[in-house]
Amino acid sequence: MKLAEKSVNAILAPLVRGLGLHASGEAIAVVPGPAEKTSGALNADIGPAVRDGLIDEEAAAAILRDAAAQAGQRLPSCAAIEAAGEPLGTYWMDRTLDAARARAKREDPAPLSAAAPLPVTAALTAPSAAEGGHGKGNAAGEICPSGSSSRSRADVARNRIALVTGGAQGFGEEITRGLAASGALVFIADLNIKGAEELAEKINAALGKTSAIALALDVSREESAEQAVAAAAETAGGLDILISNAGVLKAGSVLEQDVSSFAFTTGINYTGYFIMAKHGGRLMRRQNRNAPFWKTDIIQINSKSGLEGSNKNGAYAGGKFGGLGLTASFALELIEYNIKVNAVCPGNFFDGPLWSDSEKGLFVQYLKAGKVKGAKTVADVKTFYEEKVPMKRGCTGPDVMRAIYYIIEQEYETGQAVPVTGGQVMLH
């Protein structure tokens, strides 16, 4: 049976991962292997779900659930999938990417153990309070490891699969490093692929394991976004956290700025967010078909300019204001698939390259342009802007990471804009 799909693995790996997420209640990785019979694997024939060369995801998910239920396997470590007798792929599962890769290499189909596994059934019902859940519609204690208030907040990212756009520099680098240090597997998706590769190499060397993987990505091009998301699915089986961080700034008066500069800025900051949410959300929905109680997160890194506007910087502020509208709208739609959508609105990252670059940074530009009256040095300009903040400093990577951890941990919130401005912008 010939399939017309661009990538069979990008479809089947997340469906298999969903089985593991639901059965174990914890984050796992899935590694696609050669399409071959494997002794001891969970076997499933999705032939009835293939129509006109395309896989019906919902039908394929149901077939996998039925196969797992009939085999009595709560948490299989390997699934061999075929369609009408034609092998499609073998999928190896374990807690981390390195562990899954090692399992695939030694072809070890021994079932994984789960401390409090959920029953694998075609219905995929929520656990009762007696099974460790919290009643109808709330499986927080077992499905999301963030339910325990006794553990470090950073633990909510442990073993989760994340993708950070614009992750090679600035706030993106801070977020990438923070998530990796918290135990997540992070895809560094950036137009600057060299920078992403160098950062991934440093992180992996420091942590002694595969914690970061570089991906080429141009968020303004839908095909690029689709390929990056598919690569994450093909490499690790799915996605739990999408950080839409990539952004640009081209300031200019509404009376003077050319349309191309306006379109460039909004194309990255606004349309790029839509594109990433579209394809990241599709992948999360795919997992959700077999893990309906597993919560995932789409988080936009917005700006204080999205809360208050910015003088002679309308393209940037307008795109950020629009981003909050997208966040609220996506949240209403995607909660059906247990995808939470929120935004973080940081204040100015004074220590980042946008502000502090010695040649092109805003501090240097503002000094040369005489924008800060009486300023004689870059330090004078920086002090002027720090004085605008009640906490007398700029926003930092750790400040943003605390907000991200909160969003992931808080299961009962979606569609929100969380300010991290040091009091410079306050809620009404």
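Each value in this text was obtained by applying a stated rule to the coordinates, not by laboratory testing. The shown structure was predicted, so the numbers you read here are calculated from the model rather than taken from an experiment. Quick reminder, even Gly has a Cβ in these numbers, built from the backbone with ideal geometry, and neighbours come from all protein chains shown.
Key figures
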quantity: Cα-projected label distance for Lys312 with Asp66, points at 7 Å along beta-carbon direction, nm; calculated: 6.7
quantity: Exposure proxy ranking, count of Cβ atoms within 10 Å, fewest first, for Val8, Val156; calculated: Val8, Val156
quantity: Trypsin sites (Lys or Arg not before Pro) restricted to DSSP loop in the stretch 8-57 with at most 10 other C-beta within 10 Å; calculated: Lys37
quantity: Residue pairs, from the table Lys304/Lys392; Lys320/Lys388; Lys250/Lys382; Lys209/Lys278; Lys312/Lys376, whose Cα atoms sit over 25 Å apart; calculated: Lys209/Lys278
quantity: √(5λ) per eigenvalue of the Cα gyration tensor, the stretch 8-108, largest first, Å; calculated: 20, 15, 12
quantity: Approximate spin-label separation Asn204-Ala379, in nm, with each point projected 7 Å along Cα-to-Cβ; calculated: 4.2
quantity: Sorted peptide list for 406-416, 209-219, criterion being average Cβ within 10 angstrom, highest first; calculated: 209-219, 406-416
quantity: Measure of compaction for the chain (Cα Rg per 2.2 N^0.38 Å); calculated: 1.04
quantity: Structure-based [θ]222 nm, the chain - -39500 (n - 2.57) summed over DSSP H runs of at least 4, per residue, nearest 500; calculated: -12500 deg cm²/dmol
quantity: Protection-proxy order for peptides 249-262, 194-207, each taking the mean of Cβ atoms within 10 Å per residue, highest first; calculated: 194-207, 249-262
quantity: Given charges at Cβ of Lys, Arg, Asp, Glu: the chain dipole, positive-most of Ile275, Ser261, Leu42; calculated: Ser261
quantity: For the chain, share of DSSP beta bridges that run antiparallel, in % to the nearest 5; calculated: 30
quantity: Cβ crowding within 10 Å averaged over residues, with 371-379, 230-238 ranked highest first; calculated: 230-238, 371-379
quantity: The stretch 55-103 - convex hull of the alpha-carbon atoms, volume per residue in Å³; calculated: 99
quantity: Ranking of Met276, Met391, Met93, Met401 by count of other Cβ atoms within 10 Å, fewest first; calculated: Met391, Met401, Met276, Met93
quantity: Residue with peak Gaussian network fluctuation, the chain [Cα springs, cutoff 10 Å], from Asn43, Asn245, Asn311; calculated: Asn311
quantity: Residue with peak Gaussian network fluctuation, the chain [Cα springs, cutoff 10 Å], from Ala69, Ala13, Ala246; calculated: Ala69
quantity: Trypsin sites (Lys or Arg not before Pro) restricted to the stretch 274-365 and DSSP loop, no more than 10 other C-beta within 10 Å; calculated: Lys360
quantity: Helix runs (DSSP H) in the chain reaching 20 Å along axis by Cα, Kyte-Doolittle at least 1.0; calculated: 8-24
